[in-house]
Every structure is written in C-alpha cells, then in structure tokens.
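All remarks here apply to the structure that follows.
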Amino acid sequence: MKDKKLEANIKKTKDFMEIWNKFRLIFKKALSCNTVDIDEERSFLSLKGLVNSRYDDLMDSFGVKPIGRFIKSESIYNILSLENLSTMSDERYALVERDWEESLRFLDSLLERLERKKRRIGGFNKFIFLVKNGINRLR
C-alpha cells in the first residue's frame, strides 16, 4: 500500500535537504576564501531565495503554521551577502554553525519519521485493509 502524500513529503524533504546543504557549502566556501566573485554571490542569493520558497512549501505540506517554523534561523538566513562574511565575528560564526547543525538534525529526524511511517504503511496488506474497511462499513 502506498500513500502518495507521504511519498511526496519524503521527496520534498530530501530535495530541501539537498538545497540546504548546497547553501551551506557556498557559505563555507565563501568563508574559507578571501574574495567572492560575482557569480558566487549571485548563486548564493539565488539559492537563498530557493531555500526560502522550498522551505515554505515543505512546511505547508506538513501543515506547520508559520510560527512553528524555525529551521531558517535568523543567524543563517539574515546573511545578506557573501561579502559581509569577512567581517563576521567568531561568536556570530559559532552561532551560525550551531544553527546549521540543529537544522540538519531536525531535517534528519523529520525524514527518518517519514520513512518509518512509509515502512509501516508498506507492511499493511491491502486485502486485509479493504476487508476491515468493508466490515466497518457494514456496521
């Protein structure tokens, strides 16, 4: 038995995690280099917009109200450009790193729960499910 909504949510979560990791890689690369070229800056800003829209789409599909959305932390998402990274303090960098790790743990646990649910649903015998539904309808 398959749950199409569950399958879609698993795919959305995996897609978001991929984009989120790309966003982090661009960020880390910019921190390790002294200069940022215009193409990297554009890529960063474009990916930042994509992260925003995909995250909102993902949370909407789970029915999470905007107040409960915390993965786009202030410290990560308020980086306006890569050029500002050269002036980032050690404390702010530590905060950003902590937020990255927390967000990835949250996404991993979310994906794990979805995949566990998929396995559980996959274990249902469709025939038994239909028979139980038929018996319940007869009552």
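The values are calculated or read from the model by the stated rules, or taken from the named source; none is laboratory data. Source: prediction; values computed, not measured. Cβ placement follows ideal geometry from the backbone for every residue including glycine, while neighbour counts extend to all protein chains displayed.
Some observations on this one:
- Residue ID - nearest to L107 (Cα to Cα), chosen from residues in segment 1-28 that are part of a helix (DSSP H, G or I) and either at pLDDT below 80 or among the aliphatic types (A, V, I, L, M) (or both): M17
- Selection within segment 29-40 - part of a helix (DSSP H, G or I) and touching a residue at least 40 places away in the same chain (Cβ under 8 Å): A30, L31, E40
- Checking L85 against (1) surrounded by 16 or more Cβ atoms within 10 Å (Cβ to Cβ); (2) at pLDDT 75 or above; (3) more than 14 Å from the chain's Cα centre (by Cα), the condition it does not meet: (2)
- Pairs with Cβ under 9 Å, 6+ apart, first in segment 10-28 and surrounded by 15 or more Cβ atoms within 10 Å (Cβ to Cβ), second of a type in the set (D, E): I10/E115; K12/D57; F16/D57; M17/D108; I26/E40
- Any hit, segment 69-80, residues being acidic (D, E) and modelled with pLDDT under 85: yes
- Tabulated pairs, segment 54-75, first under 18 Å from E18 (Cα atoms), second at pLDDT below 70 and in a loop (DSSP other than H, G, I, E, B), C-beta under 7 angstrom, 6+ apart or interchain: Y55/I71; Y55/K72; M59/R69
- Picking from residues in segment 48-64 that are surrounded by 15 or more Cβ atoms within 10 Å (Cβ to Cβ) and within 21 Å of L95 (Cα to Cα), the one that is nearest to the chain's Cα centre (by Cα) is Y55.
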